[in-house]
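Structure, as structure tokens:
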RNA sequence: GUGGGCGUGGCCAAGCGGUAAGGCGCCAGGUUGUGGCCCUGGAGAUCGAGGGUUCGAAUCCCUUCGCUCACCCCA
């Protein structure tokens, strides 16, 4: 064993591809049904995009980014998240001149230099959507619904949706002050991390999972209780619209997100799981991001969803995929002349749209074993006798019936099943 | 970045100081041209790597690399 896939990456082997195509295609189907259009952005961007967009003091940018200088001296970063690149594309291509809002979705790899563990990789795949150009809370509810319906359609159940509002530049500073004040009074009872967070990143205090901090988290002032009137209206609207879509949700005042650009709505969807919740979907509103990237003030909202985690849950919940019933023919041959004929017949079958494979040149027994092991539904047996009579023996491997079929009509008899 | 667990043929897995079981899978046979079951045979391992202890190490010690899980953080 010389080379291995780099740490935190993995190969998707043929046996798993069924999950991937299933998940990808339903993602496209659901997003399209909601009126979203696909966008693909490059695998790497100017490093500055993530620094400015995601926030340079954020963990993602501070220590998880794959950054490198190219041969021309430009600093580039592998896509560390999906939203900033889409916003960059929105600005670059003048999408503010399209009818607003613009609805986009993407399915693409994301790279972060993290310590791998279950459900966490250095390269993972995100199915994300963004709605840019509409501040109304109805699109917040819509974005959440897209994620929820997708997970539903992919067969997952028992998921929980939690939401929160973290306000905007209008009201958040005052709230954070209030939070700091509250926590400062309990400084001695907090864990080390939280002690540091009071000054550095007060919002994250609410995120602490340390037991000793839980009492304070529970008692801490909630951002949703300290919104300015615009944010408060938005927050009320969101919940009303969510109820109108029939989604169950929980409000959790501890829910804050790690990226700096979020405003107002933040949400997560997670499976209940034994013990800890591993978030499948995380998202929120980012009304300041486009402006931060040099555009006009433009509202936006979206989510990112980890498809590896989706598949992990699809497997653990034993979702059954539709098995393909496609006819697959193994062309079995005995002797050189038959082999040549087999090559031609296999080729003809494929031209007619029938999946066909020429068996490796072994004994008859071995070829048939190969046929059933590789999942063929039929074996088409050609030997000297068949060649002489201008037929082939078509064997149905599922029920072991077999009959001679004229070479000229093989395609027909196979396409009729 | 911190802490736990683990590294024996493609996969699973015995052995725990005396010179590598077994199972799955793979390949070939089981009399004349027939699969999925069964039977027989075969190929395939420098026991993650390096060093040390010993007459002798997969088995003991040290170092190192890798995988994995949890924390942090996130999808």
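Some notes on this structure:
- Some residue of the stretch A:190-207 being in a strand (DSSP E or B), buried (at least 22 other Cβ atoms within 10 Å of the Cβ) and within 16 Å of RNA strand B (Cβ to nearest atom): no
- Residue match in the stretch A:143-150 (condition: more than 17 Å from the chain's Cα centre (by Cα) and either outside any loop (DSSP other than H, G, I, E, B) or within 13 Å of RNA strand B (Cβ to nearest atom) (or both)): no
- Checking A:342, A:282, A:294, A:323 one by one, the residue that is under 30 Å from residue A:31 (Cα atoms) and either in contact with a strand residue (DSSP E or B) (Cβ under 8 Å, 6 or more places away or on another chain) or in a strand (DSSP E or B) (or both) is A:282 and no other.
- Residue count for the stretch A:375-400 under the criterion of being crowded, with 20+ Cβ neighbours inside 10 Å, more than 30 Å from residue A:15 (Cβ to Cβ) and touching a helix residue (DSSP H, G or I) at 6+ places or on another chain (Cβ under 7 Å): the result is 2.
- Residue within the stretch A:157-171 that is surrounded by 16 or more Cβ atoms within 10 Å (Cβ to Cβ), at pLDDT 90 or above and over 31 Å from the mean Cα position of the chain (by Cα) present: yes
- Of all residues making up the stretch A:46-80, the number that are in contact with a helix residue (DSSP H, G or I) (Cβ under 8 Å, 6 or more places away or on another chain) and away from RNA strand B (no atom under 16 Å from the Cβ): 3
- Residue in the stretch A:118-131 that is assigned to a loop (DSSP other than H, G, I, E, B), out of contact with any strand residue (DSSP E or B) (no Cβ under 7 Å at 6 or more places or on another chain) and surrounded by fewer than 20 Cβ atoms within 10 Å (Cβ to Cβ) present: yes
Every residue, every condition in (1) over 23 Å from residue A:27 (Cα atoms); (2) away from RNA strand B (no atom under 16 Å from the Cβ), yes or no:
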residue: A:89; (1), (2): no, yes
residue: A:98; (1), (2): yes, yes
residue: A:115; (1), (2): yes, no
residue: A:123; (1), (2): no, no
residue: A:131; (1), (2): no, yes
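- Near pairs, Cβ below 6 angstrom, 6+ apart or cross-chain, from the stretch A:265-278 (within 15 Å of residue A:310 (Cβ to Cβ) and in a strand (DSSP E or B)) to any residue that is modelled with pLDDT under 65 and within 8 Å of RNA strand B (Cβ to nearest atom): A:270/A:277
- Matching entry among A:356, A:338 (being under 22 Å from residue A:413 (Cα atoms), away from RNA strand B (no atom under 11 Å from the Cβ) and crowded, with 20+ Cβ neighbours inside 10 Å): A:356
- A residue that is at pLDDT 85 or above, more than 25 Å from residue A:57 (Cα to Cα) and part of a strand (DSSP E or B) occurs nowhere in the stretch A:181-188.
- Test: residue in the stretch A:287-308 that is under 30 Å from residue A:131 (Cα atoms), more than 9 Å from RNA strand B (Cβ to nearest atom) and free of Cβ contacts under 8 Å to residues at least 60 places away in the same chain: yes
- Flag if residue A:273 is under 30 Å from residue A:391 (Cα atoms) and at pLDDT below 90: no
- Helices (runs of 4 or more DSSP H) (entirely within the stretch A:1-71) containing at least 3 residues that are closer than 20 Å to residue A:129 by Cα: A:14-33, A:47-54
- Filter result for the condition that a residue is within 16 Å of RNA strand B (Cβ to nearest atom) and modelled with pLDDT of 85 or more, over A:260, A:237, A:230, A:252: A:252
- Within the stretch A:216-250, tally of residues that are surrounded by fewer than 19 Cβ atoms within 10 Å (Cβ to Cβ), within 24 Å of the chain's Cα centre (by Cα) and not in a loop (DSSP other than H, G, I, E, B): 2
- Scoring residue A:351 on the criteria (1) more than 7 Å from RNA strand B (Cβ to nearest atom); (2) surrounded by 12 or more Cβ atoms within 10 Å (Cβ to Cβ); (3) free of Cβ contacts under 8 Å to residues at least 24 places away in the same chain leaves a single failure, condition (2).
The values are calculated or read from the model by the stated rules, or taken from the named source; none is laboratory data. The model shown is predicted, which means the values in this text are computed figures rather than measured ones. Ideal geometry is used to build each Cβ from the backbone, glycine not excepted, and the neighbour counts take in all protein chains shown.
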